[in-house]
Every structure is written in C-alpha cells, then in structure tokens.
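The structure appears right after this line, and notes come after that.
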Amino acid sequence: MEKFQIHGGRRLSGVVEVSGSKNSALPAMAAALLTDEPVVLEHVPGVRDIRTMGRLLADIGAAVEAQGSRYSIQAGCITSPEAPYDLVKTMRASSLVLGPLVARAGRARVSLPGGCAIGARPINLHLSGLEKLGARIRQEHGYIEAQAPGGLTGAQIHFERITVTGTEDLLMAAVLAGGETVLANAACEPEIVDLAELLVKMGARIQGAGTSTIRILGVPELAGATHRIIPDRIEAGTFLIAGAITGGDLEVRGARPDHLGALLDKLRGAGVDCAAGPEGSIRVRAPSGLKAVDVTTQEFPGFATDLQAQWMALMTQAEGASIITEMIFENRFLHALELARMGADISTQGHRAVVRGPTPLSGAAVIASDLRASASLVLAGLVARGETVVDRVYHIDRGYERIERKLSAAGASIRRL
Ligand code: EPZ
C-alpha cells in the first residue's frame, strides 16, 4: 500500500496550479449518457474517481477516450444500464448514472451504496425525486431498479434537505422528461452551475441553476458538446491552507476566487493575507502568528465541509481556541484523532470540535480515513517536526492530482513510498 513520507518544517513558496474539479467532472461524465453523440470534456483531473467513472461508463456501453485532461465520451448505445456493487462501493458518486440512465434508456439498475466513513449518506432523495418524475423504483438484492419505459414526466420536486449529487441526478433526469420540472431547495454549488452549462450546450432548457429553484423544460433529445470543467475549489482551498500553515508565500494559480469566498474570509480572519490576481490566481502570505477562527460547515456559499478537515489542521497552529461545527455529515471528525496523535489539542463532541493552539506538531505514522481527512494529515505533516508517514494514500489519490508533485515543486519535502 502506498504511503507519503513527509519531512515537515519547510515554508511553501512559488506557484501551484489547480486542476479541474473532480466533483464537477463526475456528473459531466455521467451527462454524456444522455446523448448518442460525443461529449468532449476538457480540464478533467487525473484522479482515481475519474478513472472509476470512466470504467463505469465503458461497462454501460460508452466509448471513453482520455488524452491527458481531455475526455471524449460517446454513448452510442446503452448496452448495460447498470452500476455494479464493485464500482459503487469504491465510489458513491457512481449513483450519478441513475438519473441519466432512466431518462435515456428507460431503466437503470444501480447498486445501493453502503455506509461511508463520514456518514450514512443515503440516496433516498434521488429515489423519491425519480419517483415523482414517474419512475417505478424497486429495491432488491442490494440494488435499486428504476423503470420508466414510457419516459419520465416533469414534476415539482422539493428536496427535504439540500443534496449536491441529488440535485445533479434529478437535473440530468429532468432534461429529457416531458414538460416542466421544478427543483426546489436545490443545491447552489458551482458544480451544479457547471453541469447546467454543459447540459444547455447539449440542448437542454434550464433556468435558475446556482439558485435554490431550478426550472427545466424537457426536450426530446440532446446533442454532443464540448465543455471545459471549472477549477477544483477544494484542491485550491487545500493549497491556500498549505501556504498558510507552513508560514509560506504561495501563489495558487488557475482558481476561481468567487468559488472560495467563505474560505478566503476565514483565512483573512486568521490573519492571512490573501490577494486575488489576474486569471484566477490567489497569492497567500502567512502572518507571523495565526489567530483562531471558528467555522461552521454549510452548503455553498457557506464554508465547504470538504475543507473542514484541512481547516482543523490549520487551527492547530493558531493562537486561541477555535470551534469547528460540522453541519453536513454526521461523522466527519476522524482526522481529529490522527491530528491528536501528532500533538494537536482537539476535543470533539457530537458535531462540534474545539481546537486549542498553537501546539507544536511532531511527525508520526498516521492513517488516512477518507479523502479530505488525508489532505489534513498531509497539511499537518508539512508543519510537524520530523517525519510523518501517511498511510492509505489511495484515499487522497481519489481526488487530488499528483499532490506530492505539486507540493514538492513549491518546496515541500514529500515523497510517495
Ligand atoms: C457531494 O456529495 C460531494 N461529492 C461531496 O464531496 C461533498 O462533501 C458533499 O456533496 C457536500 O458538499 C460529489 O460531488 C461527488 P449531499 P453528496 O447529497 O452529493 C444527506 C469529496 O470529498 N442526504 O449533498 O453525496 C447526506 O447524508 C466528497 O469530494 C440524504 O439524507 O452529498 C448528507 O448528510 C465527499 N439523502 C447531506 O444530505 C439523500 O438522498 C448532504 O449530502 C442525499 C443526501
């Protein structure tokens, strides 16, 4: 099993480039199932989840060609409208094929994802939304079978709670449904807007993406399109925190500052100088001492849950007590125990963690439990005294493209074992 070996204590400086967004590219790839023409996606990140989605689409019958960060996907015909357990268990986002398959092929068989390290993460809202659009849903042998042989029909769908992939799944189902669909209490994340832009290029009629009410007027068919995926705001945010935690002076290039508002506010509150430059560059300069700042995770435009673990690592180096409240997932503090093994002073109770700092961290052997938790352990390793070995880095490879190379180029001592 691969590991990262990190020697802490080096300031990061120079430039680091942001890759395309994993969480935007995944639904965009699934959207290619909605047409028999080629969909070309540019700026797709070279991460494991993307390769998993590529395999899933190929199993379903699509021709998937990748050349660097450019993917061409053509689902000429759907030969097997199924997402098997083997793939779904390694990547929950596999359930994003459910909506497009029912819309295009009239049926889908998708394994139910099991529990997850960060929370239960059910997909009940995807399913009840599809039922409203007229699909018949059955659960058997751990699989969801959805059928709509006569096609889907537009409906009013009010999400009980905001769900990102749920909104994406139903958006993709509704673009081919007859008549109008309204998605209320929809997610407003930039990844939803990006997906809607791709679908509109393919011929869909969508209004309101990026707000909590999305209106879709179904069309009989969609065509191919070419689309450039937005920059990964979570990768960019992780690098901004890396600059700040190492006392560095780092330029994060190719980001979208408008997607990072909540994080930039909090970084400034902690005393970090963040300056937006031309073409999506953000220069982050650390102060001589960081100040503790509380965060509460929320849906966009609030503070992203996917940056909570990295923020916790940063707060171990800040003066004072910071309260971190996790509102999206019920069990997303596994990194706290590993950070504590490195010397952090963190107490957790329910969905709240209190970090008292600054505490010097010392290098240790730690285990990554999920994607963003691994990123927080890498950040802690960058500032810890001595050697940190982060085990199970396959988690980090799911969502960060060659993170060790990007960090080394900015002066970190990190290598893959
Ligand atoms: C997306 O997951 C992201 N994944 C996650 O990123 C991210 O953490 C999350 O949104 C929140 O921003 C992708 O985009 C591929 P949700 P998703 O449905 O869509 C509950 C990363 O590290 N819920 O918005 O699965 C759910 O349990 C990953 O890159 C239901 O109860 O998250 C959670 O508590 C991790 N029923 C809350 O809603 C449902 O049917 C929000 O989840 C759906 C969700």
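The values are calculated or read from the model by the stated rules, or taken from the named source; none is laboratory data. Values in this document were obtained by computation on a predicted structure and should not be read as measured data. Here the Cβ is made from the backbone with ideal geometry for all residues, glycine too, and neighbour counts use every protein chain on show. What goes into the accessible areas is simple: the full protein's heavy atoms, side chains included, and nothing from ligands, DNA or RNA. Shrake-Rupley method; radii C 1.70, N 1.55, O 1.52, S 1.80 Å.
When you scan the range 112-128, do you find a residue that is crowded, with 23+ Cβ neighbours inside 10 Å, assigned to a helix (DSSP H, G or I) and within 16 Å of the ligand (Cβ to nearest atom), even just one? Within the range 112-128, one or more residues are crowded, with 23+ Cβ neighbours inside 10 Å, assigned to a helix (DSSP H, G or I) and within 16 Å of the ligand (Cβ to nearest atom). Mind listing whichever residues of the range 67-87 are within 16 Å of the ligand (Cβ to nearest atom) and surrounded by fewer than 24 Cβ atoms within 10 Å (Cβ to Cβ)? Within the range 67-87, L87 is the sole residue that qualifies. Candidates are the residues of the range 175-195 that are within 20 Å of H227 (Cβ to Cβ) and without any contact (Cβ under 8 Å) to a residue 60 or more places away in the chain; the one that is farthest from the ligand (Cβ to nearest atom) is V193.
The rows are residues; the columns are (1) more than 24 Å from the chain's Cα centre (by Cα); (2) in the same structural domain as G399 (by TED's automatic domain parsing); (3) modelled with pLDDT of 95 or more.
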| position | (1), (2), (3) |
| --- | --- |
| G154 | yes, no, yes |
| A184 | no, no, yes |
| A187 | no, no, yes |
| I241 | no, yes, yes |
| D249 | yes, yes, yes |
| R253 | no, yes, yes |
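Look at the range 337-357: where a residue is basic (K, R) and a partner is assigned to a loop (DSSP other than H, G, I, E, B), sitting 6+ places away or on another chain with Cβ atoms under 6 Å, you get R341/A364. Considering the range 47-64, the residues that are over 19 Å from the mean Cα position of the chain (by Cα) and β-branched (V, I, T) include one that is surrounded by the fewest Cβ atoms within 10 Å (Cβ to Cβ), namely V64.
To keep it simple, each residue is scored yes or no on (1) more than 20 Å from S19 (Cα to Cα); (2) open to solvent by 20 Å² or more (accessible area, probe 1.4 Å); (3) among the aromatic types (F, W, Y); (4) away from the ligand (no atom under 16 Å from the Cβ).
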site: L240; (1), (2), (3), (4): no, no, no, yes
site: T246; (1), (2), (3), (4): yes, no, no, yes
site: R253; (1), (2), (3), (4): no, yes, no, yes
site: D258; (1), (2), (3), (4): no, yes, no, yes
site: G269; (1), (2), (3), (4): yes, yes, no, yes
site: V272; (1), (2), (3), (4): yes, no, no, yes
site: E279; (1), (2), (3), (4): no, yes, no, yes
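Determine whether the range 164-171 contains at least one residue that is open to solvent by 40 Å² or more (accessible area, probe 1.4 Å), within 16 Å of the ligand (Cβ to nearest atom) and under 26 Å from E37 (Cα atoms). Yes, there is a match, as at least one residue in the range 164-171 is open to solvent by 40 Å² or more (accessible area, probe 1.4 Å), within 16 Å of the ligand (Cβ to nearest atom) and under 26 Å from E37 (Cα atoms).
Out of contact with any Asp or Glu (no Cβ under 8 Å at 6 or more places or on another chain) and either in a loop (DSSP other than H, G, I, E, B) or within 15 Å of the ligand (Cβ to nearest atom) (or both), is that true of E330? Answer is yes for this residue. Of I346, I414, I324, all but one fail to be closer than 20 Å to V252 by Cα, part of a strand (DSSP E or B) and not charged (D, E, K, R); the exception is I414.
So if I check each of T35, T90, which one is open to solvent by 50 Å² or more (accessible area, probe 1.4 Å) and either within 21 Å of the chain's Cα centre (by Cα) or of a type in the set (S, T, Y) (or both)?
Values: T35 fails: open to solvent by 50 Å² or more (accessible area, probe 1.4 Å).
None of the other options fit; the residue is T90.
Quick one: is I137 touching an Asp or Glu at 6+ places or on another chain (Cβ under 6 Å) and more than 12 Å from the ligand (Cβ to nearest atom)? It is true that I137 is touching an Asp or Glu at 6+ places or on another chain (Cβ under 6 Å) and more than 12 Å from the ligand (Cβ to nearest atom). Checking each residue in the range 49-83 for being in contact (Cβ under 8 Å) with a residue 40 or more places away in the chain and small (G, A, S) picks out S69, A75, G76. R352 passes every criterion in (1) open to solvent by less than 20 Å² (accessible area, probe 1.4 Å); (2) under 24 Å from G119 (Cα atoms) apart from (1). If you go through the range 360-404 and keep only what is over 26 Å from C116 (Cα atoms), without any contact (Cβ under 8 Å) to a residue 60 or more places away in the chain and out of contact with any strand residue (DSSP E or B) (no Cβ under 9 Å at 6 or more places or on another chain), you end up with nothing.
Matching residues to (1) crowded, with 22+ Cβ neighbours inside 10 Å; (2) touching a Gly at 6+ places or on another chain (Cβ under 6 Å):
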site: I367; (1), (2): no, no
site: R372; (1), (2): yes, no
site: A384; (1), (2): yes, yes
site: E387; (1), (2): no, yes
site: V390; (1), (2): yes, no
site: Y394; (1), (2): no, no
site: R402; (1), (2): no, no
site: S408; (1), (2): no, no
site: G411; (1), (2): no, no
